1. List, please: which pairs have Cβ atoms under 9 Å, are six or more places apart or on different chains, and start with a residue in the stretch 142-158 that is at positive phi and part of a loop (DSSP other than H, G, I, E, B) and end with one that is modelled with pLDDT of 75 or more and acidic (Asp, Glu)?
2. Answer yes or no as to whether Arg75 is of a type outside the set (A, V, I, L, M), surrounded by 11 or more Cβ atoms within 10 Å (Cβ to Cβ), without any contact (Cβ under 8 Å) to a residue 60 or more places away in the chain and in contact with a strand residue (DSSP E or B) (Cβ under 9 Å, 6 or more places away or on another chain).
3. Taking the residues in the stretch 36-50 that are in contact (Cβ under 8 Å) with a residue 12 or more places away in the chain and surrounded by fewer than 17 Cβ atoms within 10 Å (Cβ to Cβ) as candidates, determine which candidate is farthest from Gly84 (Cα to Cα).
4. What single numbered condition from (1) under 26 Å from the mean Cα position of the chain (by Cα); (2) within 18 Å of Thr9 (Cα to Cα); (3) part of a strand (DSSP E or B) fails to hold for Ile101?
5. Considering (1) over 19 Å from Glu2 (Cα atoms); (2) buried (at least 17 other Cβ atoms within 10 Å of the Cβ), say which one Ala54 fails and leave the rest.
6. Applying the selection to the stretch 17-48, what residues are assigned to a loop (DSSP other than H, G, I, E, B) and more than 18 Å from the chain's Cα centre (by Cα)?
7. If you take the residues in the stretch 49-77 that are outside any strand (DSSP E or B) and among the charged types (D, E, K, R), which one is farthest from Arg104 (Cα to Cα)?
8. Whether any residue in the stretch 19-36 is of a type in the set (D, E, K, R) and farther than 18 Å from Val112 by Cα is what I want to check.
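The values are calculated or read from the model by the stated rules, or taken from the named source; none is laboratory data. Please read all numbers here as calculations on a predicted model, not as lab measurements. Quick reminder, even Gly has a Cβ in these numbers, built from the backbone with ideal geometry, and neighbours come from all protein chains shown.
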Amino acid sequence: MEARAIQRTVRQSARKMRLVIDLIRGRAVPEADAILRFSKKRAAKQIHKVLKSAVANAQQAAQRQNEAFDADRLRVKYAVVNEGQTLKRFTAAAMGRATPIKKRTSHVEIHVASDTAPAPVAKAAPAAGGAATAEPKAKPKKKAAAGKTKTQKKAKAKRSSKGSK
């Protein structure tokens, strides 16, 4: 079960919101909910709304498919904040000038998925002789040619002649 929620044009810069979204990425939904509820950042309130919406969307999808739903088993699978449209305004400055003000917005997107862990993959046992390895061997580096080229010999001769002066 997977669901998503997107909130567009949140009136806060994406850089500030990313500080909060990084705290919840990959965590269980109850843990992420607690982090957002007790965070002092203003962005946490907006992100908390999006997280609740994603959980509600997952619940609706489960009801549509007639499946059992447990919000505590959900995990934040994907959480990202992208830049939105920048509102450009101007304010008065000295000597009749105007200076620009950029009012930044952002888009918040959160995906939640059920926390069912995939079955562990069994690794193949090594051969009887123990010669088989899981990693491929690195190729040996090629050796440089034994003789130097004419330009290398000339450059060396110039360097040695400068030092003898």
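1. Within 9 Å, no pair qualifies.
2. Considered against the rule, which asks whether it is of a type outside the set (A, V, I, L, M), surrounded by 11 or more Cβ atoms within 10 Å (Cβ to Cβ), without any contact (Cβ under 8 Å) to a residue 60 or more places away in the chain and in contact with a strand residue (DSSP E or B) (Cβ under 9 Å, 6 or more places away or on another chain), Arg75 comes out as yes.
3. Result: Lys41.
4. Exception for Ile101: condition (1).
5. Exception for Ala54: condition (1).
6. The answer is Phe38, Ser39, Lys40, Lys41, Arg42.
7. So, considering only residues that are outside any strand (DSSP E or B) and among the charged types (D, E, K, R), the one farthest from Arg104 (Cα to Cα) is Glu67.
8. no
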